[in-house]
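One structure is given below, encoded as structure tokens.
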Amino acid sequence: MTRIDEVVDGIYRISTTLDAGGPFQFNQFLIDDERPALVHTGMHQMYEAVRDAVGQVLDPGRLEYVILLHFESDECGGMNGFLGGAPDSTLACSALSDDLNLSGWDYRGRVEGHIDGDVIDLGRHKLRFLETPHVHHWDSMMLFDETTKSLFPSDLFIQAGDQPPVVTENLGAEMCGLYREVGIFAHEEPVRKVVDRVEALDPDWVHGMHGGSLTRESFPYFVRALREQPFAYEGKLLGRPVELPA
Ligand SMILES: [Fe+2]
Ligand SMILES: [Fe+2]
């Protein structure tokens with residue numbers, strides 16, 4: 001159940017809906033440019049489906065960048081497959097993902113660790129790195145494409161369910177409820193600082209990893225919900241109450 005749709009100007013959303021107690025989407029973004037890039041790979045088990053979707057647009061062997069936004073299996077489980085099949089490719093990630101994880105992993109391809117402000121020039125699209133620690137991992141970062149004014153926020157601005165490629169609804173309350181249920185943010189404060197920062201970028205598009213892409217019209221609903229509603233960890237992990245001894 002993997003589909004691919006062009007959302008805006010050479011940016012394709014590859015989306016697979018899985019059952020996680022209800023439908024839940026895992027997205028990757030293919031950027032078709034002089035130096036093609038794939039933003040997140042999906043889990044290892046999704047590699048062939050994602051590669052076939054990439055193949056509808058370009059030869060996956062031409063990928064020059066595979067980018068992971070934090071070290072987690074839905075971000076990078078397919079990295080060996082994609083990088084092994086693309087001889088000129090480089091894995092790009094945050095400096096922390098490299099130092100903390102990849103440097104001690106059995107990954108043998110080329111790696112670039114980036115800090116805030118670094119830019120990868122794909123040709124028409126230029127991807128700027130934003131370090132966003134603790135949203136939701138220590139090593140987290142986001143990308144901003146200056147050309148299409150597209151933000152790639154990974155797991156921020158999440159939506160559950162089987163969403164269309166572009167979401168126009170206000171699902172802000174559902175987003176905050178899902179975050180409380182799964183417990184991915186330790187605290188609201190570092191997240192709200194990043195919300196302020198990405199809002200100031202004035203994005204036209206927000207391409208999240210789970211759900212549909214947001215537009216200028218729908219993005220403010222999600223920003224407002226994160227400012228006004230609680231969403232940090234409150235004792236549940238993936239819906240399971242964690243009861244620790246006193
Ligand atoms: Fe994540
Ligand atoms: Fe994710």
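Does L156 count as crowded, with 20+ Cβ neighbours inside 10 Å, among the hydrophobic types (A, V, I, L, M, F, W, C) and under 19 Å from G117 (Cβ atoms)?
No: the conditions fail for L156.
Against the definition (of a type in the set (S, T, N, Q), open to solvent by 30 Å² or more (accessible area, probe 1.4 Å) and away from ligand 2 (no atom under 16 Å from the Cβ)), how does N101 come out, yes or no? No. Surrounded by fewer than 16 Cβ atoms within 10 Å (Cβ to Cβ) and on the phi > 0 side of the Ramachandran plot: does that describe G117? Yes; evaluated as a whole, the condition is true for this residue.
Listed here are the residues, each with its yes/no results for (1) in a strand (DSSP E or B); (2) in contact with a Pro (Cβ under 9 Å, 6 or more places away or on another chain); (3) without any contact (Cβ under 8 Å) to a residue 24 or more places away in the chain; (4) crowded, with 16+ Cβ neighbours inside 10 Å.
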{"position": "R180", "(1), (2), (3), (4)": "no, yes, no, yes"}
{"position": "F185", "(1), (2), (3), (4)": "no, no, no, yes"}
{"position": "V191", "(1), (2), (3), (4)": "no, no, no, yes"}
{"position": "P220", "(1), (2), (3), (4)": "no, no, yes, no"}
{"position": "R224", "(1), (2), (3), (4)": "no, no, no, no"}
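Of all the numbered requirements in (1) touching a strand residue (DSSP E or B) at 6+ places or on another chain (Cβ under 8 Å); (2) within 17 Å of T41 (Cα to Cα); (3) open to solvent by 50 Å² or more (accessible area, probe 1.4 Å), E131 misses one, and that requirement is (2). Would you be able to tell me the number of residues in the range 138-153 that are surrounded by fewer than 23 Cβ atoms within 10 Å (Cβ to Cβ) and not β-branched (V, I, T)? Result for the range 138-153: 4. Just name the residue that is most open to solvent (accessible area, probe 1.4 Å) out of those in the range 34-93 that are more than 15 Å from S15 (Cβ to Cβ), among the polar types (S, T, N, Q) and more than 16 Å from ligand 2 (Cβ to nearest atom). Only one residue tops the list, namely N80.
The values are calculated or read from the model by the stated rules, or taken from the named source; none is laboratory data. Remember, it's a predicted structure, so these values are computed and weren't measured experimentally. Every residue, glycine among them, receives a Cβ derived from its backbone with ideal geometry; neighbour counts consider all protein chains shown. Side chains included, ligands, DNA and RNA excluded: accessible areas come from the protein's heavy atoms. Shrake-Rupley method; radii C 1.70, N 1.55, O 1.52, S 1.80 Å.
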